[in-house]
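The numbers here are math on the coordinates, done by the rules we state, and not lab data. Everything quoted here is computed from the prediction, not taken from an experiment. Reconstructed Cβ throughout: ideal geometry from the backbone, glycine too, with neighbour counts over all protein chains shown.
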Amino acid sequence: MDINGSEVAWRFGAGNPSLEAASALSIRAIVHRLYGCVDRSNPRKLAPLGHGDPSPFACFRAAAPAEEAVAAAAVSGKYNSYPTAAGLTDACSAVAAYLSRYLPYELSTGDIVLTAGCNHGIEIMMAVLATPGANVLLPRPGYPLYEARAALGGLEFRHYNLLPEKGWEVDIEGVEALADENTVAIVTVNPNNPCGSVYSYEHLAKIAETARKLGMMVISDEIYEHCAFGSKPFVPMGVFGEIAPVVTLGGISKRWMVPGWRLGWIAMTDPKGILRKKKIFEAIIIYRGISVDPAAIVQGAIPQIIANTDNAFFTNAMNIMREAAEICYQKLKGTECITCPHKPEGSMFVMVKLDMSYFEGIVDDIDFCTKLAKEESVVICPGSGLGMENWLRVTFAVDPPLLEDGLERLKSFCLRHAKPQEAGDSVMC
Ligand SMILES: *Cc1c(COP(=O)(O)O)cnc(C)c1O
């Protein structure tokens, strides 16, 4: 009733169909719902194995010089204004120099666009590529923000497979079969979320050659750059930028373990200047200009964050991550109904397969994760959210004792829900 006593017919309502379609693809929504299922009266500590954010754990605390750089930027009073469109020049130039360390050519300040985290880079690229009729190739399993952002912008996406039996490499033949004259880009994630794999130099070269053959760019999501703790070193896709133009997406969220600082970048790792010639770079700047800016304070701190974080921080973090990945792999391997096709060697995740025939009263991976959250206060991301039904994505970016405890609870959950052995079974053994 309004002041005159009559009903007001409010004309607005939420129901944007593209937003609904995009949100159906959101992994955050799935994981959020699982956190909501946790029984808060359960005295056991919540084991958050559903999303990769090591920053709350003391053992993964950000490097002190990085925190000090942000504090110094804040109190300097120099970063209270709107930053310039692509990002503060000193910040872009520090990122260009940092990325150039690992490339056979030099990036310049103008090759870098700063973003509010890598997710913002994904948003920008999916919008820039959404020309009428275009399609992009996305990995399955993948990182669903690509699908969500493409859906929101009306960009068609097609899935190519990552092959578990080949260490989760890209199914190159599948990519070739999938692409057509409207395919504009292939997205790769290396080191890989959700698979925990790291691509070899040879495999990356093969992807670049395939992109060249098909006339598409590579969007290389390298938010886990250098997060490699197995036998294969991390190689940036930009190393192959002469073969096919590469847009590298990155940021400090994962390597520096500060996802809350919201600082990422888009780098034109394209020594032949094809992205510029095709006006992609211009479109990125235009989109960036009508989108958000990363906080100027963090931009202002970036040169010091990069310069002052010493190698000991990264080495130590990777040593703990290696230990955590080992615990995770061994525990999962020791759980009867779970198979792990590939030992994690990078990122913060591993994909494992559930044997659904083992259980009684559990219908699929979502049901499994929901009951697990309720009964054991362990949150794990169901594979369905990543295009892999009856798989699980487990993160090991968790304080190792809690990780171990969480995986023990996972195991007892599985045993408790196992189908009872039939009397005849033992005779066959
Ligand atoms: C975490 C993650 C991102 C998001 O990074 P932010 O910098 O936190 O936005 C992007 N891509 C992948 C594959 C990720 O795992």
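Summary of values
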| read-out | value |
| --- | --- |
| Rg and Dmax [Cα atoms of segment 1-84; Å; Rg one decimal, Dmax integer] | 22.7, 62 |
| Candidates per GluC sites (Glu not before Pro) in segment 282-375, loop by DSSP, up to 10 other Cβ within 10 Å | 360 |
| Two-site FRET efficiency, residue 290 against residue 32, from Cβ-Cβ distance with R₀ of 41 Å, rounded to 0.05 | 0.90 |
| Helix 118-128 vs. the chain, principal-axis angle (Cα, 0 to 90°, nearest 10) | 70 degrees |
| At most 13 other Cβ within 10 Å, DSSP loop - chymotrypsin sites (Phe, Trp or Tyr not before Pro), segment 1-72 | 10, 12 |
| CD proxy at 222 nm, helix term only [per DSSP H run n ≥ 4: -39500 (n - 2.57); per residue of the chain; nearest 500] | -12000 deg cm²/dmol |
| On Cα atoms only, tilt of 201-214 relative to the major axis of the chain in degrees | 70 degrees |
| Distance (nanometres) between label positions extended 7 Å along Cα→Cβ at residue 358 and residue 158 | 3.6 nm |
| Extension gain (nm, one decimal) between residue 103 and residue 64, 0.36 nm per residue minus Cα-Cα | 11.2 nm |
| Helix axis angle, 311-333 relative to the chain longest principal axis, alpha carbon, degrees | 30 degrees |
| Neighbour net charge for residue 137 - beta-carbon separation under 11 angstrom, K R +1, D E -1 | -2 |
| Kirkwood-based shape ratio for the chain, expressed as Rg/Rh from alpha carbons | 1.00 |
| Dipole axis of segment 125-219 (+1 Lys, Arg; -1 Asp, Glu on Cβ), positive-most option in 201, 145, 160 | 145 |
| Inter-site label distance for residue 76 and residue 182 at 7 Å from Cα along Cβ, in nm | 4.8 nm |
| For segment 116-227, alpha-carbon Rg over 2.2 N^0.38 Å | 0.99 |
| Per-residue Cβ neighbour rank within 10 angstrom, fewest leading, 384, 357 | 357, 384 |
| Qualifying lysines (Cα of each under 24 Å from Cα of residue 213; at least 8 residues distant if same chain) | 166, 272, 277, 278, 279 |
| Descending semi-axes in Å of segment 1-152, equivalent ellipsoid built from Cα gyration tensor | 35, 26, 23 |
| Estimated dipole of the chain in Debye, rounded to 20 [Cβ of Lys and Arg +1, of Asp and Glu -1, Cα centre] | 580 debye |
| Trypsin sites (Lys or Arg not before Pro) within segment 76-177, DSSP loop, no more than 16 other Cβ atoms inside 10 Å | 78, 101 |
| Rg over Rh [alpha-carbon atoms, Kirkwood Rh] for segment 303-429 | 1.09 |
| Student exercise, segment 294-357 dipole from Lys, Arg, Asp, Glu Cβ charges, in Debye to nearest 20 | 100 debye |
| Rg and Dmax of segment 242-390, Cα atoms only, in Å | 21.0, 59 |
